[in-house]
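**Student:** A single structure is presented below for examination.
The values are calculated or read from the model by the stated rules, or taken from the named source; none is laboratory data. All values reported here derive from a predicted model rather than from experimental measurement. All Cβ positions, glycine included, derive from the backbone under ideal geometry; neighbour counts span all protein chains shown. Note: areas computed on protein heavy atoms with side chains; ligands, DNA, RNA excluded. Shrake-Rupley method; radii C 1.70, N 1.55, O 1.52, S 1.80 Å.
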Amino acid sequence: MSQEHLPRLKVGLAEMLKGGVIMDVVNAEQASIAEESGAVAVMALERVPADIRKCGGVARMASIDVIENIMKAVSIPVMAKVRIGHFAEAQVLEQLGVDFIDESEVLTPADEHFHVNKFDFKVPFVCGARNLGEALRRISEGAAMIRTKGEAGSGNIVEAVRHMRSLTSELKMLTVRSDEELVTAAKELGASLELVKLVARDGKLPVPNFAAGGVATPADAALMMQLGAESVFVGSGIFKSEDPAARARAIVRAVTHYRDPEIVLEVSRGLAEAMPGLEISQIAPEDRLQERGW
Amino acid sequence: MQIGVLSLQGDFSAHSSAIARIGGHTIEVRKASQLSDLDGLVLPGGESSAMLKLLDESFLSALRESLNRGLPTLATCAGVILLASAVHNPAQSSLGILDVDIMRNGYGRQVDSFVDSSLLLTEEGRAALQNAQLMNGRAPDIEAVFIRAPIITRVGADVDVLATHDSKPVLVQQGSILGATFHPELAETISPVYLLFSRLVQADDGLVEVDGSLLFR
């Protein structure tokens, strides 16, 4: 098929995932629990971010067997992570047939200067961003979906909130800028003027904008949705909690009914302990995953 | 004129913007109570298995009742799966209102997603477009975006096949229900599928033509 339709097919799949929850899973059993709980997609990885944080060392793309078993276990889309800049890991995942690739700061970066040129791939990519400039640079490289970085594996929502708020307030500011101001804005954002103009006109990103990094409770998910996220990734928040299946179902319903506190209350009742959380100031700056990428 | 868009999950906002472009007013439907007082309903694309988990018994029976009452409905991709008689690959429950059998992810995974820039219309399809006054000398092209799309494997006697891709039905109609296994909401220009839908919604009203496009009113 011709290449001209590719961007639409990639962003199209991201559109289908809106209003849903994408859950981190490390094996087929967890993937089935996620699907059974109403996940719209699963993210296959070797260890959830909380464990990556604990284990240290180099975090790479998950083993092929793990990803393959997960793909066999569920009928919903399967995503997998590659290291920033590791286009060969991405080629392998495309060959395997995963549905979405996350070029993720949660893994150890492979390239300190360049992200993957995502236009080279048929598979859509999602990338993390802390602010508008980062989001636009990833979109310029071909990302079909943006998510906040937050602080993965922390169980602390504060960084995801910071990133979503930065992005939306910067977006709002662009919409009132004049043409000559947009030229300077493009320079400051490190993004092309063409893309900056498009975003200034529409007041939103040209690709779906999801939340990730620190979601642990149904109310966290409802908070991110009300701040403008169109879907929510939950990493360690589900399978590091005391009751993964019940919590997964609760977060799914909280995302759908994010503006309905009555339902968010109802789903929050009776849940066991959430994952343990980390105060961000307790994480050394060099250990903060959000600092990876540029 | 009020069109409800089932907004539990999926690309409901793409449907709302497309309908807004032809003058329709939409509301997001997340609860059974929001199904009353609608003139039309859209069941969007997304993950049918996730949507099912969010549809409790009372919601399902309200949906069943509205559709059986003849509420004009446009179902796309996952929407068709929800309405089908039987679902395969894997089997899952469905409303059994649209008499088709359907296979999820029929073409494969995301790398197998594709666009057909002009679906093949059947005789019934040409007639439907003709009746909707959408034939301007020649039939309009129906551009179809297929994303992890299902395949209809059986069509009941009361179901008209309006268009096909690779000799398989992809646009079907049963009474007031239009089902597309593709995504008219992602077409570059307003899809003729919406115009067929708008015709179903205001069957008695005729259509208003403004700047060559047909509008809801």
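**Student:** Can you find even one residue in region B:135-157 that is free of Cβ contacts under 8 Å to residues at least 12 places away in the same chain and closer than 29 Å to A:Gln95 by Cβ?
**Tutor:** no
**Student:** Looking only at region B:64-79, filter to residues that are small (Gly, Ala, Ser) and surrounded by fewer than 19 Cβ atoms within 10 Å (Cβ to Cβ); which one of those is nearest to the other protein chains (Cβ to nearest Cβ)?
**Tutor:** So the residue we want is B:Ser66.
Rundown of residues vs (1) aliphatic (A, V, I, L, M); (2) at pLDDT 95 or above, yes/no style:
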{"site": "A:Ser2", "(1), (2)": "no, no"}
{"site": "A:Ile22", "(1), (2)": "yes, yes"}
{"site": "A:Val26", "(1), (2)": "yes, yes"}
{"site": "A:Glu35", "(1), (2)": "no, yes"}
{"site": "A:Pro49", "(1), (2)": "no, no"}
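**Student:** I would also like to ask the following. Would you be able to tell me the number of residues in region A:224-246 that are touching a helix residue (DSSP H, G or I) at 6+ places or on another chain (Cβ under 7 Å), part of a helix (DSSP H, G or I) and open to solvent by 10 Å² or more (accessible area, probe 1.4 Å)?
**Tutor:** 4
**Student:** Name the single residue that is nearest to B:Ile152 (Cα to Cα) among those in region B:99-115 being of a type in the set (D, E, K, R) and within 17 Å of the chain's Cα centre (by Cα).
**Tutor:** So the residue we want is B:Asp101.
**Student:** Ok, one more. If I filter region B:83-115 down to residues being open to solvent by less than 10 Å² (accessible area, probe 1.4 Å) and more than 14 Å from every other protein chain (Cβ to nearest Cβ), which single residue comes out as nearest to B:Val42 (Cα to Cα)?
**Tutor:** It comes out as B:Leu83.
**Student:** A further question on this structure: Would you be able to tell me the number of residues in region B:1-59 that are more than 7 Å from chain A (Cβ to nearest Cβ), among the acidic types (Asp, Glu) and within 18 Å of the chain's Cα centre (by Cα)?
**Tutor:** Going through region B:1-59 one residue at a time, the tally reaches 2.
**Student:** Also, quick follow-up: Taking region B:108-132 only, how many residues are under 19 Å from B:Val161 (Cα atoms) and in a loop (DSSP other than H, G, I, E, B)?
**Tutor:** Number satisfying all stated conditions: 5.
**Student:** State all residues of region A:61-78 that are surrounded by 16 or more Cβ atoms within 10 Å (Cβ to Cβ), within 14 Å of chain B (Cβ to nearest Cβ) and not small (Gly, Ala, Ser); if no residue qualifies, say none.
**Tutor:** Matches in region A:61-78: A:Ile67, A:Glu68, A:Ile70, A:Met71, A:Val74, A:Ile76, A:Pro77, A:Val78.
**Student:** Could we say that B:Leu171 is more than 14 Å from chain A (Cβ to nearest Cβ) and more than 28 Å from B:Leu55 (Cα to Cα) here?
**Tutor:** no
**Student:** Hey, could you check region A:86-98 for residues that are small (Gly, Ala, Ser) and open to solvent by less than 10 Å² (accessible area, probe 1.4 Å) and say which is farthest from the other protein chains (Cβ to nearest Cβ)?
**Tutor:** For region A:86-98, the residue satisfying everything is A:Ala90.
**Student:** Any chance you could count how many residues in region A:255-287 are in a loop (DSSP other than H, G, I, E, B) and open to solvent by 80 Å² or more (accessible area, probe 1.4 Å)?
**Tutor:** Of the residues in that region, 6 qualify.
**Student:** So, one more: Within region A:101-128, which residues are closer than 26 Å to B:Phe114 by Cβ and surrounded by fewer than 24 Cβ atoms within 10 Å (Cβ to Cβ)?
**Tutor:** A:Asn117, A:Lys118, A:Phe119, A:Asp120, A:Phe121, A:Lys122
**Student:** Just checking, does region A:230-239 include any residue being in contact with a His (Cβ under 9 Å, 6 or more places away or on another chain) and more than 14 Å from chain B (Cβ to nearest Cβ)?
**Tutor:** no
**Student:** Just one of the numbered conditions (1) over 30 Å from A:Tyr258 (Cα atoms); (2) open to solvent by 30 Å² or more (accessible area, probe 1.4 Å); (3) of a type outside the set (Asp, Glu) is not true of B:Ser61; which one?
**Tutor:** Result: B:Ser61 fails condition (1) only.
**Student:** At least 3 residues that are among the polar types (S, T, N, Q) in each: list the helices (runs of 4 or more DSSP H) lying fully within region A:107-204 that qualify.
**Tutor:** Result: A:158-175.
**Student:** State which residue pairs qualify: first residue on the phi > 0 side of the Ramachandran plot and inside region A:95-106, second residue open to solvent by 10 Å² or more (accessible area, probe 1.4 Å) and in a helix (DSSP H, G or I) in any location, beta carbons under 9 Å apart, and separation of 6 or more residues or different chains.
**Tutor:** Pairs found: A:Gly97/A:Met71; A:Gly97/B:Val111; A:Gly97/B:Asp112.
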